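Remarks on the structure that follows.
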Amino acid sequence: MLLQNQSMEELLVQFLRASWLAATLPIVIASFSIPSLSFLRRTLLGLAARGKIMQSSSQKFTIPQRLFFHFYLVAFLWTTLLLVATWAYAYRMVPVVAEPFSYSTITSFLTGGSTIRTDSHKLRQGYAAWEAVSLLLLMEFHVLRRLFETIHVFDYSPSARMHVIGYLTGLFFYIAAPLSLCGDCAVEVFNFVANLVTEFIVKGKNQMQVTELDIWQVLTPLIRLGWKHWIAAAVFLWGWIHQYHCHKILGSLRHSTDAEEYVIPHGDWFEIVSSPHYLSEIVIYASFVVATGGSNLTIWLLFAFVVANLSFAAVETHKWYRQKFKDYPSNRFAIIPFLL
Ligand SMILES: NC(=O)c1ccc[n+]([C@@H]2O[C@H](COP(=O)([O-])OP(=O)(O)OC[C@H]3O[C@@H](n4cnc5c(N)ncnc54)[C@H](OP(=O)(O)O)[C@@H]3O)[C@@H](O)[C@H]2O)c1
């Protein structure tokens with residue numbers, strides 16, 4: 001059973017990694033502007049462009065951009081489900097990881113520093129589960145704000161569109177991204193929930209074993225996760241706050257001008273880059289890499305996709321601003337200060 005779970009977990013992780021790679025590579029290749037590959041660039045732009053950078057001539061198979069809120073609705077429901085299930089599973093693992101978490105504790109177990117070798121897998125699973133809870137909590141915090149913004153802050157113009165393939169990619173992204181954050185324990189969590197459901201069906205509600213909820217044990221493992229998780233939380237908050245400010249600026253632009261008109265945004269990170277809301281999204285996903293100490297390849301690949309995807313869109317946005325406004329500030333970069 002343990003071996004079967006491990007190979008299922010391997011399979012899921014390989015699938016997620018392959019998906020991020022398959023989505024990132026074409027964008028990276030298209031970004032080099034190689035003349036013989038210009039069709040790839042045009043195709044990707046047609047699929048990924050939205051709003052102001054989508055040409056009016058290319059509106060075949062497009063849907064309103066305001067349907068962006070579907071992404072965050074799906075993300076919110078899916079992340080909540082994963083978070084609750086992983087948290088419940090991690091709570092069950094608490095006795096195994098009652099010692100303060102640290103890599104040294106784990107490495108000591110793994111390298112035979114302890115005689116309780118059989119516990120090493122459980123210890124690793126317990127740590128992975130609590131780490132996943134911390135990452136999913138951050139994701140939940142992010143997608144909740146985005147859901148609120150797409151409904152109450154942004155003022156999508158009726159003519160703003162996105163390609164239906166871009167829409168489906170967005171839905172896939174918000175299924176695969178939260179799953180990538182808990183990929184190392186997702187199969188165990190799934191089995192845990194499946195067992196609970198089976199027990200409930202077989203025994204009925206009254207016969208189920210009642211677990212006492214100790215609020216201290218629900219929260220303490222998260223607090224003890226380690227310093228890199230606190231640094232990650234600070235990086236996350238930094239990106240989160242700036243993205244909120246930039247979205248508020250974008251959302252307010254339409255109130256002072258014609259409903260369909262685009263204007264030059266000012267304030268916050270808009271003074272240094274053209275797409276600070278994309279830059280802050282990159283900072284938010286970078287915090288996931290920090291939280292895992294850069295040791296989780298799936299999360300690195302998720303991060304690489306976010307960087308490639310948003311940089312690609314930001315370069316087009318920057319070009320669009322410079323063409324549309326003759327007085328566009330020349331000191332602004334597209335997305336990464338002093339680099340791009
Ligand atoms: N994680 C990912 O891979 C990923 C992918 C895509 C997006 N996102 C995130 O989702 C958020 C929104 O992205 P988006 O591509 O939808 O942003 P966007 O195209 O810049 O549009 C955001 C809103 O601001 C308005 N707006 C933009 N520029 C304006 C201007 N110069 N003047 C007036 N209004 C303007 C748009 O109006 P119109 O509707 O009229 O265009 C729209 O309502 C970003 O924070 C981004 O990071 C993340």
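The values are calculated or read from the model by the stated rules, or taken from the named source; none is laboratory data. This structure is a prediction, so every number in the text was calculated from the model and none was measured. Here the Cβ is made from the backbone with ideal geometry for all residues, glycine too, and neighbour counts use every protein chain on show.
Observations, loosely collected:
- Being touching a residue at least 60 places away in the same chain (Cβ under 8 Å) and over 12 Å from the mean Cα position of the chain (by Cα) is true of SER274.
- Residues (farther than 30 Å from PRO265 by Cα and of a type outside the set (D, E, K, R)) located in region 220-254: THR220, PRO221, LEU222, ILE223, LEU225, GLY226, TRP227, HIS229, TRP230, ILE231
- All positions within region 233-260 that are modelled with pLDDT under 95 and among the polar types (S, T, N, Q): SER252, SER256, THR257
- Test for LEU340: is it among the hydrophobic types (A, V, I, L, M, F, W, C), assigned to a helix (DSSP H, G or I) and touching a residue at least 24 places away in the same chain (Cβ under 8 Å): no
- Residue identified as more than 14 Å from the ligand (Cβ to nearest atom) and touching a residue at least 24 places away in the same chain (Cβ under 8 Å) among LEU250, LEU279, LEU222: LEU222
- Of all the criteria given as (1) more than 25 Å from PRO26 (Cα to Cα); (2) small (Gly, Ala, Ser); (3) within 14 Å of the ligand (Cβ to nearest atom), the one not satisfied by SER330 is (3).
- Only one of PHE173, PHE190, PHE200 that is out of contact with any Leu (no Cβ under 8 Å at 6 or more places or on another chain), within 30 Å of ASN5 (Cα to Cα), within 12 Å of the ligand (Cβ to nearest atom) and not in a loop (DSSP other than H, G, I, E, B): PHE173
- Whichever residue in region 177-232 is in contact with a Phe, Trp or Tyr (Cβ under 7 Å, 6 or more places away or on another chain) and at pLDDT below 90 and, among such residues, is surrounded by the most Cβ atoms within 10 Å (Cβ to Cβ): PRO221
- Failed condition for VAL263, given (1) in contact with a Ser or Thr (Cβ under 9 Å, 6 or more places away or on another chain); (2) at pLDDT below 90: (2)
- Qualifying residue in region 85-93 (condition: within 28 Å of the chain's Cα centre (by Cα), away from the ligand (no atom under 16 Å from the Cβ) and either more than 25 Å from GLN217 (Cα to Cα) or at pLDDT below 85 (or both)): yes
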